[in-house]
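Asks: Here it is: the structure, laid out below.
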Amino acid sequence: MPEVTIETYQQPNAKGYFGSYGGKFVPETLIPALVELEAAYKEAELDASFQHEYLRLLHEYVGRPTELSYANRLTEHYGKAKIYLKREDLCHTGAHKINNAIGQILLAQRMGKKRIIAETGAGQHGVATATACAKFGIECVVYMGAEDMVRQKLNVDRMRLMGAEVRSVESGSKTLKDATNEAIRDWVTNVEDTFYIIGSVVGPHPYPMMVRNFHRIIGDETKKQLFELEQRLPDYVVACVGGGSNAMGIFYPFINDPVTIIGVEAGGLGVDTNQTAATLTKGKPGVLHGSMSYLLHDEEGQIELAHSISAGLDYPGIGPEHAHLFDTKRVSYHAVTDAQALEGVRLLSRLEGIIPALETAHAFAWLEELMPTTKKDEIVVVNCSGRGDKDMTTISAYI
Amino acid sequence: MMNRIQQTFAKTEDHKCMSLFITAGFPTIEDTVELVLGFEKNGADIIELGIPFSDPLADGPTIQYSSNLAISNGITMNKIFDMVKQIRSQSEIPLVLMGYINPMLRYGLTSFFEKAQEVGVDGLIVPDLPLDEGHMIHDLATTHGINIINLIAPNTTNERMQLADQQSSGFVYCVSVTGVTGARDGSEVQKSVDQFIERSKEHITNNPIMVGFGIKSYEDACNISKNVEGYIVGSALIENIKEHFPKPEWKSEIFDFVHRLKFGYSRGGTRRLTKGSISLKTDI
């Protein structure tokens with residue numbers, strides 16, 4: 001098995017830039033907190049006991065390694081390349097988000113922080129954070145857009161059951177973007193004792209790098225498992241992208257390998273409408289929530305409202321590393337619509353007995369385009385980032 | 001040559017400099033110029049004109065509200081430059097634009113600075129552009145004669161205070177509390193601010209210091225700014241406008257509030273405090 005090298009690809013730089021994207025665009029009040037966080041993270045990264053504890057929890061509590069399942073019926077359906085699913089839906093709490101929540105809470109504990117805050121869209125990151133806080137006995141406040149609280153009621157109830165305080169955000173579009181604003185305002189105010197667990201590869205440096213690194217285990221395991229099963233690398237790796245954490249997690253270990261990497265954005269009602277969340281396809285570079293990246297914004301630089309059937313992808317920004325991988329064309333990004341995503345849910349449910357999250361279904365929907373172009377001796381890996389139970393209310397309306 | 005901000009500090013040596021923040025286009029686009037000119041007549045020494053942004057993450061509910069309203073009123077960057085031009089045709093008050101980086105980036109940084117210079121902007125505050133990212137605008141600002149005003153907070157280290165001083169011109173903005181903008185209980189601010197101001201004065205030696213965040217009355221202003229060159233009021237002013245707009249004579253109420261903020265008594269009234277903590281020379 002080839003070494004997972006970062007010799008050719010070394011991002012971000014010391015200032016937290018991935019090419020021209022990233023950085024630290026935050027009020028001065030947060031700079032000491034980011035400096036402290038960066039130092040603590042660097043130290044933890046090199047500390048064997050920290051890594052050991054992180055891996056132990058991922059094993060004993062999260063249930064890692066997650067399986068790499070051969071999707072025989074889905075493969076037969078297309079009659080082309082073999083399809084494997086990286087089963088992040090089997091993680092405790094039902095999605096990949098917990099990998100990062102565990103990593104960051106260990107860091108918070110190491111730094112002596114007494115209070116955790118988080119933002120959440122679909123509620124998966126909120127649930128992962130609430131879960132980690134319950135496990136560690138730390139106070140937890142989750143900011144969630146009022147509209148998302150209706151769409152994802154089950155997750156609100158789960159967070160509350162585990163003792164987290166869920167604060168409804170009524171400002172702006174009442175979705176993930178506004179929940180993030182509110183979480184940052186809380187952090188600015190309570191910066192001394194509060195640790196902000198950001199749920200995706202977004203935000204100011206070092207978050208995009210740190211969150212990616214806490215999720216790279218997805219790609220590392222995939223590589224190892226596929227070598228055991230097929231003694232080779234995949235030809236394609238596919239993942240859905242909102243902020244982009246599950247995607248960076250599975251992409252990163254393959255960046256220096258001869259593998260075609262594909263990110264699938266949420267096209268909403270279509271990339272030609274204004275009801276979309278396809279940030280790379282439709283957006284332009286700008287600054288939101290602490291970093292420079294692609295954004296959906298108007299001529300005046302005001303952030304536009306995103307739309308996606310999936311609350312987890314309903315965000316007008318994207319992680320800065322994705323912006324860099326898009327510009328350099330290392331990863332190709334495409335968009336699929338709400339309707340195509342729903343079709344993806346139906347297909348995977350009927351053929352594999354796996355109900356994927358609406359977010360995840362975007363990756364499966366792209367197979368319609370990708371599979372006819374593949375060959376029988378090729379291998380496609382799809383990151384099955386989360387399960388769809390939380391989305392049953394939305395999905396039920398369409399079946 | 002001294003620019004308008006430096007001239008103002010030279011002139012106000014015997015009293016505190018009062019800077020007022022107003023969101024451009026709030027409560028309506030048509031009112032902004034008249035409000036600014038009225039603020040000047042009633043004691044404002046510097047005006048900070050806020051460029052509204054949809055996602056103002058350093059601001060509390062009051063400025064979020066005024067920004068959203070201004071955006072729905074149809075404010076644009078060019079309309080803000082027009083306002084500056086109109087004000088400049090009638091007044092020499094220093095005008096500082098305050099806004100988040102994204103609208104400036106979208107306008108194009110070069111065009112933004114060219115236009116700012118052309119219409120008569122004196123300074124710029126960008127709350128989401130910390131010293132680490134300041135290089136992005138530093139050269140453009142210098143070329144176009146625009147002062148960059150950096151912010152420091154109670155948790156800013158001594159080294160960074162010195163850096164803020166080096167990279168600022170015009171003044172350094174001391175954020176009195178860790179938190180977002182918004183009027184606060186005066187005593188809450190006062191508790192921690194003295195020590196912070198003392199430390200700031202030790203490390204900021206090239207620029208005047210203005211203190212802001214949480215000031216809502218003449219008394220707050222006197223207490224909080226007693227050892228620095230001046231103070232900034234934003235949210236309390238916007239709250240006041242929110243309360244009176246659009247009643248008849250609402251502007252008169254606002255100007256009266258501004259007058260009280262500066263002098264401690266209403267327009268045409270008598271001064272309550274004859275000798276005061278407001279005089280810089282008697283205090284330090």
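Asks: What are the residue pairs meeting all of these: first residue in the stretch A:61-78, first residue free of Cβ contacts under 8 Å to residues at least 24 places away in the same chain and open to solvent by less than 20 Å² (accessible area, probe 1.4 Å), second residue not in a loop (DSSP other than H, G, I, E, B) and not hydroxyl-bearing (Ser, Thr, Tyr), Cβ atoms under 8 Å, and 6 or more apart or on different chains?
Replies: The qualifying pairs are A:Thr75/A:Lys82; A:Thr75/A:Ile83.
Asks: Which of the residues that make up the stretch A:256-269 are touching a strand residue (DSSP E or B) at 6+ places or on another chain (Cβ under 8 Å) and open to solvent by 10 Å² or more (accessible area, probe 1.4 Å)?
Replies: Correct list: A:Thr260, A:Leu269.
Asks: Given the condition assigned to a loop (DSSP other than H, G, I, E, B), open to solvent by 10 Å² or more (accessible area, probe 1.4 Å) and at the interface with another protein chain (Cβ under 10 Å from one of its Cβ atoms), answer yes or no: does some residue in the stretch A:303-311 qualify?
Replies: Yes, the stretch A:303-311 contains at least one residue that is assigned to a loop (DSSP other than H, G, I, E, B), open to solvent by 10 Å² or more (accessible area, probe 1.4 Å) and at the interface with another protein chain (Cβ under 10 Å from one of its Cβ atoms).
Asks: Right, next: Out of everything in the stretch B:142-159 that is open to solvent by less than 40 Å² (accessible area, probe 1.4 Å) and more than 17 Å from the chain's Cα centre (by Cα), what residue ends up being nearest to B:Ile101 (Cα to Cα)?
Replies: Residue satisfying both the conditions and the ranking: B:His144.
Asks: Now a separate question. Scan the stretch B:168-177 and give yes if some residue there is within 21 Å of A:Glu36 (Cβ to Cβ) and without any contact (Cβ under 8 Å) to a residue 12 or more places away in the chain, otherwise no.
Replies: no
Asks: Right, next: For A:Gly112, only one of the following conditions fails: (1) touching a residue at least 12 places away in the same chain (Cβ under 8 Å); (2) more than 20 Å from A:Arg212 (Cβ to Cβ). What is its number?
Replies: (1)
Asks: Could you pull out every one of the strands (runs of 3 or more DSSP E) wholly within the stretch A:100-216 that has 3 or more residues that are away from chain B (no Cβ under 14 Å), at negative phi and modelled with pLDDT of 95 or more?
Replies: Result: A:115-120, A:139-145, A:165-169.
Asks: Select from the stretch B:99-137 the residues that are among the small types (Gly, Ala, Ser) and farther than 19 Å from B:Tyr173 by Cβ and write down the one among them that is nearest to the other protein chains (Cβ to nearest Cβ).
Replies: Per the criteria, the residue is B:Gly108.
Asks: For the stretch A:227-252, name all the residues that are among the aliphatic types (A, V, I, L, M) and more than 13 Å from A:Thr66 (Cβ to Cβ).
Replies: Residues satisfying the conditions are A:Leu229, A:Leu233, A:Val237, A:Val238, A:Ala239, A:Val241, A:Ala247, A:Met248.
Asks: With respect to the numbered conditions (1) assigned to a helix (DSSP H, G or I); (2) modelled with pLDDT of 95 or more; (3) more than 20 Å from the chain's Cα centre (by Cα), which one is the sole condition not fulfilled by A:Ile395?
Replies: For A:Ile395, the exception is condition (2).
Asks: Continuing with the same structure: For A:Gln51, all conditions in the list (1) assigned to a strand (DSSP E or B); (2) more than 28 Å from A:Tyr143 (Cα to Cα) hold save one; what is the number of the exception?
Replies: Condition not satisfied by A:Gln51: (1).
Asks: Just a yes or no: is a residue in the stretch A:39-50 more than 20 Å from A:Arg216 (Cβ to Cβ) and open to solvent by less than 20 Å² (accessible area, probe 1.4 Å)?
Replies: No, that holds for no residue.
Asks: Which of the numbered conditions does B:Ser200 fail, given that it passes all the others? Conditions: (1) within 26 Å of A:Asp186 (Cα to Cα); (2) more than 17 Å from the chain's Cα centre (by Cα); (3) open to solvent by 40 Å² or more (accessible area, probe 1.4 Å).
Replies: The failed condition is (3).
Asks: Quick one: count up the residues across the stretch B:120-148 that are touching a residue at least 60 places away in the same chain (Cβ under 8 Å) and touching an Asp or Glu at 6+ places or on another chain (Cβ under 9 Å).
Replies: Residues in the stretch B:120-148 being touching a residue at least 60 places away in the same chain (Cβ under 8 Å) and touching an Asp or Glu at 6+ places or on another chain (Cβ under 9 Å): 5 in total.
Asks: To continue, here is another question. Being under 21 Å from the mean Cα position of the chain (by Cα) and assigned to a helix (DSSP H, G or I) is the filter here, so list the residues in the stretch A:69-99 that pass it.
Replies: Matches in the stretch A:69-99: A:Glu88, A:Asp89, A:Leu90, A:Lys97, A:Ile98, A:Asn99.
Asks: Determine, yes or no, whether B:Ala141 is touching a strand residue (DSSP E or B) at 6+ places or on another chain (Cβ under 9 Å) and away from every other protein chain (no Cβ under 12 Å).
Replies: For B:Ala141, the condition - touching a strand residue (DSSP E or B) at 6+ places or on another chain (Cβ under 9 Å) and away from every other protein chain (no Cβ under 12 Å) - is met.
Asks: Return the residue satisfying two criteria in turn: it lies in the stretch A:254-298 and is outside any strand (DSSP E or B) and touching a helix residue (DSSP H, G or I) at 6+ places or on another chain (Cβ under 7 Å), and of such residues it is farthest from the other protein chains (Cβ to nearest Cβ).
Replies: Taking the candidates together, the pick is A:Phe254.
Asks: Which one of A:Glu53, A:Glu28, A:Glu43 is without any contact (Cβ under 8 Å) to a residue 24 or more places away in the chain and more than 10 Å from chain B (Cβ to nearest Cβ)?
Replies: It is A:Glu43.
The values are calculated or read from the model by the stated rules, or taken from the named source; none is laboratory data. A quick note: this is a predicted structure, and the numbers were derived from the prediction, not measured. Note that we place each Cβ from the backbone using ideal geometry, even for glycine, and neighbour counts take in every protein chain shown. For accessibility, only protein heavy atoms count, side chains too; no ligands or nucleic acids. Shrake-Rupley method; radii C 1.70, N 1.55, O 1.52, S 1.80 Å.
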